[in-house]
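Down below is the structure, laid out as structure tokens.
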Amino acid sequence: MPSRSSSGTQKALSVDSLWPVVGFLGLGLTAGVVLSLVASFWNQHGGHHYRDILLVATFVIGPLFFYYNWAAVRQGCGSLGVILKNLRWYHMLWLLLFISMQTWRMRTLAEIKEAPVDSYAAAKGIMVTIAGTYLLYRLFTRRTDFMRDWFRGIPGLLMLFVLVGLVSTLWSVNWPWTLYQVCQYAVDVAALAAIITALRSTEDYGSWFNWTWLWIGLLLVTVWIGAYFDPSTALSHLSEEGGSVTGPLPWQLMGVFPDLSANRVGEYSAILAAVALVRLLPVRGIKRIMKTWYTWLFLAAVVTMVFAQTRSATGGFLVALVLIFWLSGRFKHGVAIVLLGLTLLLVTGAGSVLIDYMRRGQTNAQLESLTGRVQWWEFAWHKYLDAPLTGYGAYAAGKFLVMGSIGNNIASVHSDWVETLVGCSWWGIFPLLAAMGVGWWYLLRFVLDPERSPQERQLALEAIAVLTIATIRTFFSDDLTWHVPLQFWLTLGYAEYLRQRYAATPFRIAAPALIGRRLRPAD
């Protein structure tokens, strides 16, 4: 028979474990009310007073923020201090690649054909060259001998894609562009292999993750700065795929400088929201820390995601949300939140507002065409059928052959898989699918393995949440195959670390529900 103290502890744990239901139910209700108020305000004021909206938002959010401000700032500064204290050479290399991937000036296809390399493109090329040269220096001096990791496991599969792309320069519709992009991607894969070689522990990978989230967060800060100083550009009425945006929020949030599409803003926001949620709902054995900081990070990321209005990123976040609750042993809490949320939508009538928000004022025909993507993909498919064994050149086929023929200045066909198919045929698809499959297998394998350490399982859960969003986005954007796929390199890199460390170790899988029953979530 259990003792009184044991019974009291169980009751306390039971009460504490209810906080996600209450907390996220409150957040969901608050988000619905705020969205309805913004829609009402917009309809009443004609939609042209951007600064008024920002002013109202400041007065609504300001008091709450300053109430928690000191604790959040203290926790955030403490975390920043830890990150800076543990900086190594690969952090600087990663930052250089992160800066090189930013778009500082948008150019049309005609401008690119006339002058392939302008000052911004030259700066980008110089940064990538510096990164590649430094990697070769570390390789030849054996400071970081990553040759073996470069051509095995997940990096080896990615190098197969590089090889296929390199061969496709022989028949590419724009071979200099194909060669340039393939060389960039080879440097990216080399950087991934070097970092995998350099990192020795889960703590090292956690530092790499935190360094990336820091710069993505700062990038989103620049988006809001641009919204204040140049609202006509940052809050665009025109969808990046074409057409106008209407509905409760008749614009999409974009980055001004650097230029950041609404899709990218939404994806980065979804990733940060998922990361914050994973750290608020850790696996057994991990103490929940910095709750105030991660709560504010979650709220800020969700608000940014809402204003970006990107359906694929939002859908990816919702799928990641389900996996977070399931794999952390909180599946019942997740089901309760979904049921309560649906009840609130039905009772309050906010469901119609949510549907209008997701439609963005589009007709049924526009929704069925995925905002024009289906037409692009159909055109690309017909082109692929003309050269099913070779394609028309990696990176160049989608940009110059498909979108150039359609007469659209959009840089790609908005799908990694369609882009790769028309560029490299199935020879390019196979290594990418294999790399993704291996990554998913090892992350799921170890997050469900109770024999692994809590730190390893916690970081695996975080990687799964991020990879979920990124994987869904590959069907609607070019994230996996373009310079630099940050979110994929982090998650696949950690999966490769787990593969190498435990390749010959037997394991057993416990169902998430059983993990949640046997191992109660930590406070």
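Couple of notes before you dig in:
- For region 345-450: rounded, prolate or oblate by the Cα gyration tensor [a/c cutoff 1.5]: oblate
- Filter on K124/K287; K85/K287; K124/K291; K287/K332 - keep pairs with C-alpha separation over 31 Å: K124/K287; K124/K291
- Fully extended contour minus Cα-Cα distance, from S405 to C77, at 0.36 nm per residue: 113.0 nm
- Here W211, W326 are placed in order of increasing Cβ neighbour count within 10 Å, fewest first, which gives W326, W211.
- Net charge contributed by nearby residues that have their C-beta within less than 12 Å of A503 (K/R +1, D/E -1): +3
- Centre separation in Å (Cα based) which lies between region 324-369 and region 426-464: 28
- Cα-based shape type of region 260-400, given that a ≥ b ≥ c are square roots of the gyration tensor eigenvalues and the cut on a/c is 1.5: prolate
- Between R501 and L342, the modelled label-to-label distance comes to 3.9 nm, taking each label 7 Å out from Cα in the direction of the beta carbon.
- Distance between modelled label sites at F229 and S352, nm, 7 Å Cα→Cβ extension: 4.2
- Net charge of neighbours whose Cβ lies under 11 Å from the Cβ of V438, counting Lys and Arg as +1 and Asp and Glu as -1: +1
- For R457, net neighbour charge (Lys/Arg +1, Asp/Glu -1) across residues whose Cβ lies under 13 Å away: -1
- Likely footprinting exposure, C77, C424, fewest C-beta neighbours within 10 Å first: C77, C424
- Whole-angstrom Cα spans of region 278-320 along principal axes, big to small: 35, 20, 6
- Between L95 and W426, the modelled label-to-label distance comes to 4.6 nm, taking each label 7 Å out from Cα in the direction of the beta carbon.
- For V278, V374, V422, order by how many other beta-carbon atoms lie within 10 Å, fewest first: V374, V278, V422
Coordinate-derived values only; no laboratory data. Note that the coordinates shown come from a computational prediction; the quantities given were computed from them, not determined experimentally. FYI the Cβ positions are ideal-geometry reconstructions off the backbone, even for glycines, and counts take in every protein chain you see.
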